[in-house]
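For reference, the structure discussed in these notes is given below.
The values are calculated or read from the model by the stated rules, or taken from the named source; none is laboratory data. What you are looking at is a predicted structure, and each value in this text was computed from that prediction instead of being measured. Because the Cβ atoms are built from the backbone with ideal geometry, glycine has one as well, and the counts that use them run over all protein chains shown.
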Amino acid sequence: MRRTARSWQTEAALRMLRNNLDPEVAERPAELVVYGGTGKAARDWPSYHAIERCLTTLADDETLLVQSGRPVGVLTTHEWAPRVLLANSNLVGDWANWPEFRRLEALGLTMYGQMTAGSWIYIGTQGILQGTYETFAAVARKRFGGTLAGTLTLTAGLGGMGGAQPLAVTMNGGAALIVECDPDRARRRLRGGYLDELAPELDTAIERVRAAKVAREAVSVGVIGNAAEVLPALLRRDVEADIVTDQTSAHDPLAYLPIGVAVEDWHDYAEAEPDEFTDRARDSMAHHVDAMLGYLDRGAEVFDYGNSLRGEAKLGGCERAFDYPGFVPAYIRPMFCEGKGPFRWVALSADPADIAVTDRAALELFGEDESLARWIRLAGERVPFQGLPARICWLGYGQRHVAGLRFNELVASGELKAPIVIGRDHLDAGSVASPYRETEGMADGSDAIADWPLLNALVNTASGASWVSIHHGGGVGMGRSVHAGQVCVADGTALAARKLDRVLRNDPATGVLRHADAGYSRAVEVAGEHGLRLPMREQ
Ligand code: NAD
């Protein structure tokens with residue numbers, strides 16, 4: 001594939017934008033929708049084409065500004081500055097709600113950027129697969145002796161992110177039953193190898209997973225239905241689930257199918273009557289969560305998987321919705337204290353052999369970490385690539401820059417055929433404020449303080465990232481999160497090495513600092529081990 005932009009820094013942005021909309025990657029590419037309800041890569045097609053034109057001609061001392069998916073300017077900066085700066089879906093506090101957002105969106109003034117849709121570093125279902133694998137591994141360690149063998153996980157949603165759940169459970173040795181209302185979505189996961197079986201109806205599904213649990217078989221079974229109806233039915237029928245969670249698009253009430261609405265009528269109805277639809281969706285979510293609470297009362301491990309289901313169900317009248325925890329305080333925060341989060345990279349050559357080379361390099365560097373090594377090996381065998389070949393693994397402060405510099409060397413030496421793009425999810429240690437998810441239940445009560453992601457974006461801009469983004473509302477919806485992203489490009493040059501060294505230290509460092517400031521002793525320890533300065537603890 002020949003380079004069409006003037007440098008690899010801008011070619012990378014161009015290829016990643018296109019990759020976000022690759023039909024193998026995006027949920028609805030014709031509408032520019034990448035994942036997560038309506039998370040888009042560009043505001044509209046004229047904006048998309050204008051971004052392509054700008055990236056193709058952008059010089060090494062120029063920076064493109066993107067406002068909610070629309071290119072609005074090209075300014076002269078310098079070679080250490082990001083080539084693209086993006087701000088997506090941001091609204092002033094009192095206006096930050098879905099109705100106002102939809103009104104502005106209908107006027108063509110904004111778009112929903114989710115986390116990695118509008119910031120051009122989505123890599124398909126593998127991204128969430130790794131996070132989901134880590135989460136279920138943590139559940140296994142906490143409750144089931146380190147493996148999910150002999151357990152049944154009950155969940156819903158087989159969309160862009162939720163589609164990772166069945167494979168993440170089976171990679172941890174467990175059985176899973178997943179409810180999905182849209183047959184097309186379920187079939188897509190079956191074809192892609194993420195889901196093992198699709199049951200023709202509920203009775204067959206129940207029989208199959210009950211048998212699998214007894215036999216300690218790792219198998220995932222999908223069933224078509226509305227989670228708000230199926231979960232209460234499973235509870236009534238005493239189906240013994242050990243772990244219960246959910247990944248329907250509950251963060252956006254218009255993306256959650258209410259009881260009694262046919263899939264075919266969904267989008268027309270939501271568009272025509274958004275208020276009525278929202279009320280019905282929230283009412284259904286209250287039923288859905290009531291059933292999850294029923295499982296909690298029976299002793300199951302129940303957690304919210306970061307989709308705002310509890311918040312919406314509470315608005316729908318479910319008073320006890322927050323009786324079960326979010327997954328971050330339950331399982332992920334100890335990793336955030338070490339600056340650990342979803343580090344990912346993409347081979348711009350489009351050649352899977354390049355990812356195999358980086359997999360080997362990652363194993364050489366971090367192979368002593370057992371769960372990481374297991375993941376890299378299993379991912380190599382079982383994870384199909386979507387679009388450009390990519391890999392993800394959770395790395396912390398002190399590890400990410402080592403990986404980045406190694407990849408840059410492999411590009412320079414020609415062992416890799418083309419540069420590597422290195423980025424991460426916005427769901428990371430220091431880059432997000434989201435009181436229902438990443439910052440739920442912070443030790444010092446600072447859940448809603450949104451200065452941290454903004455500082456993170458400024459730090460990455462100051463450190464030499466190739467593109468930096470500030471978003472609002474990703475994951476959990478309008479009014480509920482502020483988050484930032486960075487991507488850098490290992491193009492094999494000495495300049496790239498210097499930038500990678502700074503960005504891949506400073507970006508996770510903000511996670512360590514954020515958690516140390518909140519009083520987490522592990523974060524203070526990590527800062528001490530690595531010589532990260534904490535001014536308020538200095539004499
Ligand atoms: P998506 O829109 O691609 O998929 C959602 C799926 O839910 C769709 O297939 C839809 O048909 C199904 N669905 C909707 N209502 C249903 C109902 N009543 N019963 C059964 N199925 C129903 O969204 P996604 O990208 O898969 O994300 C799912 C949710 O997870 C979003 O809210 C997203 O913000 C959240 N999320 C969480 C994390 C995390 O780290 N835990 C990460 C990313 C996204």
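In the set 245, 170, only one residue is within 14 Å of the ligand (Cβ to nearest atom), farther than 24 Å from residue 33 by Cα and either in contact with a Cys (Cβ under 7 Å, 6 or more places away or on another chain) or among the β-branched types (Val, Ile, Thr) (or both); that residue is 245. All told, residue 150 meets the bar of being in contact with a helix residue (DSSP H, G or I) (Cβ under 7 Å, 6 or more places away or on another chain), away from the ligand (no atom under 14 Å from the Cβ), within 18 Å of residue 244 (Cβ to Cβ) and in a loop (DSSP other than H, G, I, E, B). Applying a threshold of 8 Å to beta carbon distances and a minimum spacing of six or more residues, or different chains, the list of pairs starting in the stretch 120-140 at a residue that is outside any loop (DSSP other than H, G, I, E, B) and of a type outside the set (S, T, N, Q) and ending at one that is within 10 Å of the ligand (Cβ to nearest atom) and modelled with pLDDT under 90 reads 128/160; 128/161.
Here are 302, 289, 244, 219: which of them is farther than 19 Å from residue 321 by Cα, touching a helix residue (DSSP H, G or I) at 6+ places or on another chain (Cβ under 7 Å) and of a type outside the set (D, E, K, R)?
Matching residue, one of 302, 289, 244, 219: 219.
Within the stretch 1-25, if we keep just the residues that are out of contact with any helix residue (DSSP H, G or I) (no Cβ under 6 Å at 6 or more places or on another chain) and free of Cβ contacts under 8 Å to residues at least 40 places away in the same chain, the residue that is farthest from residue 189 (Cα to Cα) turns out to be 2. Scanning the stretch 177-216 for residues that are crowded, with 19+ Cβ neighbours inside 10 Å, within 11 Å of the ligand (Cβ to nearest atom) and not in a helix (DSSP H, G or I) turns up 178, 179, 180, 181.
Residues of the stretch 454-503 that are of a type in the set (Gly, Ala, Ser) and under 17 Å from residue 13 (Cα atoms): 464, 465, 466, 469, 484, 485, 490, 492, 496.
Cβ-Cβ distance below 7 Å, separation of 6 or more or different chains: which pairs start in the stretch 415-428 with a residue that is within 28 Å of residue 339 (Cα to Cα) and acidic (Asp, Glu) and end on one that is within 16 Å of the ligand (Cβ to nearest atom) and assigned to a loop (DSSP other than H, G, I, E, B)? If the second residue must be within 16 Å of the ligand (Cβ to nearest atom) and assigned to a loop (DSSP other than H, G, I, E, B), the pairs left are 425/115; 425/116. Considering (1) more than 18 Å from residue 482 (Cα to Cα); (2) in contact with a His (Cβ under 7 Å, 6 or more places away or on another chain), the lone condition that residue 88 does not fulfil carries the number (1).
Condition check ((1) of a type in the set (Asp, Glu); (2) more than 16 Å from residue 336 (Cβ to Cβ); (3) crowded, with 24+ Cβ neighbours inside 10 Å; (4) at pLDDT 95 or above) across all residues:
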position	(1), (2), (3), (4)
461	no, yes, no, yes
481	no, no, yes, yes
496	no, yes, yes, yes
512	no, no, yes, yes
523	no, no, yes, yes
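Screening the stretch 433-539 for helices (runs of 4 or more DSSP H) wholly inside it with 2 or more residues that are touching a strand residue (DSSP E or B) at 6+ places or on another chain (Cβ under 9 Å) and more than 16 Å from the ligand (Cβ to nearest atom) returns the ranges 451-463, 494-517.
When the residues of the stretch 255-281 are narrowed to those that are touching a residue at least 60 places away in the same chain (Cβ under 8 Å) and within 11 Å of the ligand (Cβ to nearest atom), which ends up farthest from residue 317 (Cα to Cα)? So the residue we want is 263.
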